[in-house]
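What follows is a single structure, written as structure tokens, with notes after it.
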Amino acid sequence: MKTKKVPVTKYADLVVIVEQDRSKDYHTASNAKRLMMCVYSQLSADLWQYLVGMLQGFSEEMQIEIADDILDFTNEKIVHMTGFPSVDTVLVTCYEQIAKEKGYKLSDLQYYID
């Protein structure tokens, strides 16, 4: 376990950052990965891998929901929100990365993340 001390704000002199790699503890659900394969050819390999990584840590059902929402956004520019702040934050991040790579703007999404 690595630790670093770095200044973060005028209110706190130092914080301790503990870096952990827990990715091996959480898998990507096979059904979610199948959905993600539907967008593989439409995105760069790096972005696709990043998006698959965003699924980890969520339940299998939520991974499928997120993957399906990414599929809809990639193919149809349809934005889905779930009502779960943690999931919606991930979705907005995914939407922004996809839009950036595809070259279109998402100024409308500011509404969802405020």
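No value in this document is a laboratory result; all are computed from the given coordinates. This structure is a prediction, so every number in the text was calculated from the model and none was measured. Cβ sites come from the backbone with ideal geometry, for glycine too, and all protein chains shown count toward neighbours.
Using θ = phi - 60° and the Karplus relation 6.51 cos²θ - 1.76 cosθ + 1.60, list the HN-Hα couplings for segment 94-102 in order, rounded to whole Hz, with x at every Gly or Pro.
The phi angles translate into 5, 4, 4, 5, 5, 4, 4, 5, 7 Hz.
Contour minus end-to-end for residue 56 and residue 37, with contour as 0.36 nm per residue of separation and end-to-end as the Cα-Cα distance?
Details: separation 19, 0.36 × 19 = 6.84 nm, distance 1.57 nm.
Here the segment from residue 56 to residue 37 would lengthen by 5.3 nm.
Would you please name the chymotrypsin sites (Phe, Trp or Tyr not before Pro) within segment 20-77 that are DSSP coil residues with at most 14 other C-beta atoms within 10 Å of their C-beta?
Values: sites: 26, 40, 48, 50, 58, 73; in loops: 26, 58.
Here the sparse-neighbourhood loop sites are 26.
Express in % the proportion of alpha carbon pairs of segment 25-113 at distances exceeding 19 Å. Please report the intermediate quantities before stating the final value.
Working: 1237 of 3916 pairs.
Value for segment 25-113: 32 percent of Cα pairs lie more than 19 Å apart.
For segment 67-79, what does the Karplus curve 6.51 cos²θ - 1.76 cosθ + 1.60, with θ = phi - 60°, yield as ³J(HN,Hα) per residue in whole Hz, taken in order and with x for Gly and Pro?
Values, residue by residue: 4, 5, 5, 5, 4, 4, 5, 5, 8, 10, 6, 9, 9 Hz.
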